[in-house]
Amino acid sequence: MRSWIMAMFFVAANGAFAQTSVIPVWPEGVPNARAQAGPEKVDGERISNVSQPTLAVYPAAFDRPSGTAVIICPGGGYQFLSNTREGQQYAQWLSSLGITAFVLKYRLADYGHPAPLQDVLRAIRLVRSQAAKYGIAPDRIGVMGSSAGGHLAASASTLFNHPAGRTGGPLDAVSARPDFAILMYPVITMEAPAVHAGSRDALLGAKPSAAMVQLMSVEKQVSAATPPTLLIHSQDDGLVPADNSILYFQALTRAKVPAEMFIFEHGGHGMAMRTGNGTATNWTRRAEEWLRDRKLIP
């Protein structure tokens with residue numbers, strides 16, 4: 001945690017690790033756009049009623065660029081985006097490590113599936129197609145997500161070739177497979193008893209078909225092509241049970257996908273960068289070690 005605190009002190013003192021631009025995910029027009037979507041809503045750190053998905057760009061720290069990028073999917077139960085705590089703060093931390101971060105503002109319950117999947121896969125394709133522009137390697141592009149954003153990141157990790165993620169544009173030819181994933185207290189399954197019903201209902205509706213529940217229970221979609229994954233959860237998470245991460249880790253292990261999992265005793269749900277969560281407060285150190293071990297940062 002000390003590295004994060006020092007990085008934030010450096011930010012305050014030098015204005016580093018700041019967002020530099022916001023780029024549209026669908027410059028040619030959002031697929032299946034709603035005619036009367038209404039204005040985007042911002043309530044404190046929460047964003048909802050998203051109709052124009054974007055990527056906020058946070059360049060890597062200029063003195064330690066790693067060539068690695070991460071697309072961040074904030075959580076919020078597919079009903080809103082926790083943009084500051086699970087977007088901007090993660091981006092600043094990653095930037096301090098030399099990673100170029102992109103915070104994804106994706107469509108939510110008012111669109112439902114497959115809009116969020118389309119948005120995250122298009123974001124990966126867009127960043128990969130412009131890798132040279134951002135000084136990143138096209139084979140070092142990862143995803144990170146928290147809670148429902150973790151479900152979206154895991155969906156990208158398992159459904160990157162699914163037809164629902166394509167829209168017929170030229171960028172469909174670019175690979176949407178992430179090269180690695182960091183999943184923070186993720187929603188994974190759409191099935192009882194571990195399901196987070198609010199996320200399922202927001203994404204799939206109140207009465208989803210059995211086939212859709214199966215498809216979006218992403219532990220069932222893991223294959224040998226799923227990227228290396230780091231899972232972080234709390235045993236005392238009272239909203240999204242730790243069984244979600246366990247189910248995904250077991251599926252990764254069966255598929256022989258490299259994975260690590262940390263389940264801390266304390267931390268609750270939505271720990272983000274908060275302090276005072278016992279050993280969970282130092283999850284960033286574990287994540288940095290994992291990124292370094294995979295040679296994604298110096």
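Annotations
- Build a GNM of the chain with springs between Cα atoms under 10 Å apart, and of Trp283, Trp93, Trp26 the one that fluctuates most is Trp26.
- Cα-based Lys proximity count in the chain, under 29 Å, for pairs eight or more positions apart or on separate chains: 11
- CD proxy at 222 nm, helix term only [per DSSP H run n ≥ 4: -39500 (n - 2.57); per residue of the chain; nearest 500]: -8500 deg cm²/dmol
- Added length on full extension, which subtracts the Cα-Cα distance from 0.36 nm per residue, Ala255 to Ala18: 81.5 nm
- Structural size metrics of the range 156-291, computed from C-alpha coordinates, are Rg and Dmax of 15.8, 48 Å.
- For Ser217, nonlocal amide neighbours, meaning residues 5 or more places apart or on other chains whose placed amide H falls under 5 Å from its own, are Met190.
- Cα-based convex hull, the range 213-298, per residue volume (Å³, whole number): 101
- With a cut-off of 15 Å between beta carbons, the residues surrounding Asn244 carry a summed charge of -3, where Lys and Arg count +1 and Asp and Glu -1.
- Between the listed residues Gly145, Gln235, Asn282, the Cα displaced farthest toward the positive end of the dipole of the chain, a dipole computed from Cβ unit charges relative to the Cα centre, is found at Gly145.
- Other residues lying with their Cβ under 12 Å from the Cβ of Pro31 contribute a combined charge of +1, Lys and Arg counting +1, Asp and Glu -1.
- For the range 106-198, alpha-carbon Rg over 2.2 N^0.38 Å: 1.10
- Overall form of the range 20-80 per C-alpha gyration tensor (a/c, 1.5; a/b vs b/c): prolate
- Tail weight of P(r) past 15 Å, computed on alpha-carbon pairs of the range 187-247, percent: 51
- Each Lys or Arg adds one and each Asp or Glu takes one away; over the other residues whose Cβ falls under 14 Å from the Cβ of Gln52, this sums to +1.
- Highest mobility in the GNM of the chain, judged by mean-square fluctuation with C-alpha springs under 10 Å and restricted to Met190, Met261, Met216, is found for Met261.
- Computed over the range 104-159, the range of Cα coordinates on each principal axis works out to 35, 18, 17 Å, biggest value leading.
- Spacing of the modelled spin labels on Ser129 and Asp243, each 7 Å from Cα toward Cβ, amounts to 4.2 nm.
- For the range 217-293, applying the loop criterion from DSSP together with a ceiling of 13 other beta carbons within 10 Å to the trypsin sites (Lys or Arg not before Pro) yields Lys256, Arg274.
- Tensor-based shape of the range 47-159 (alpha-carbon gyration tensor, a/c under 1.5 rounded, otherwise prolate or oblate): prolate
Since every read-out is calculated from the coordinates, none of them should be taken as a lab result. It should be emphasised that the depicted structure is a prediction, and the values quoted were computed from it without experimental measurement. Glycine gets a Cβ as well: all are built from the backbone with ideal geometry, and neighbour counts include every protein chain shown.
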